[in-house]
Amino acid sequence: MIRALYDWTLSLAAHPRALWALAFVAFIEASVFPVPPDVLMIAMILAVPRRAFLIAGVATLASVLGGILGYAIGAFAFESIGRPVLETLGKADAVAAFNTRFNDLGFWSVLVAGVTPFPFKVITIMSGWTALPLETFLLTAIIARALRFFFVAALLWRYGAPIRDFIERWLGLLSVLFILLLVLGFYSVRFL
């Protein structure tokens, strides 16, 4: 089923209204859809490199708006919608333990999930469920999603098709390393 959704998402890149399709995929991915918008975004940028940053902007805006929906699901409909989404992703068992630590790390949780391949919808729903301050959630979601999408857009705009395999294979690891360096930097400034 995931492969069929992946193929369907990729097929949208050739559609005349591909930007709207990207906005739709980025929006629903941030709350319930399992396929990340990067799949569609990469294909669109490779097809029309001059629109790379417009495409990244659309993905960022739509993803943050979808994140607000995910936040609302967590805040107002966790049991009826949020929990089933998390169960589908195999994350329901971690809910109770996650809740106790989440708000202490809320900014970092949203940042890490927004930049890395970790399912963003898990964090958006959990942010609402744990009552992470909406302002913190929004600011961090904007930063994280912009970092992710504009970084990919910049790489594709600069290097084109040859960088595609690199992005698909190594972006997750590079994102995690970037976050670790960022955390270590903040830690060293704070405690050294």
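By per-residue mean of other Cβ atoms within 10 Å, what is the highest-first order of 125-135, 47-57?
Listed from highest to lowest mean packing, they are 125-135, 47-57.
How would you order 26-38, 106-118 from highest to lowest mean count of nearby Cβ atoms within 10 Å?
Averaged packing, sorted descending, gives the order 26-38, 106-118.
Could you rank the peptides 59-65, 150-156 by their average count of other C-beta atoms within 10 Å per residue, with the highest value first?
The packing order, highest mean first, is 59-65, 150-156.
Just so you know, all these numbers are worked out from the coordinates, no wet-lab data involved. Source: prediction; values computed, not measured. Every residue, glycine as well, gets a Cβ built from its backbone with ideal geometry; the counts of neighbours run over all protein chains shown.
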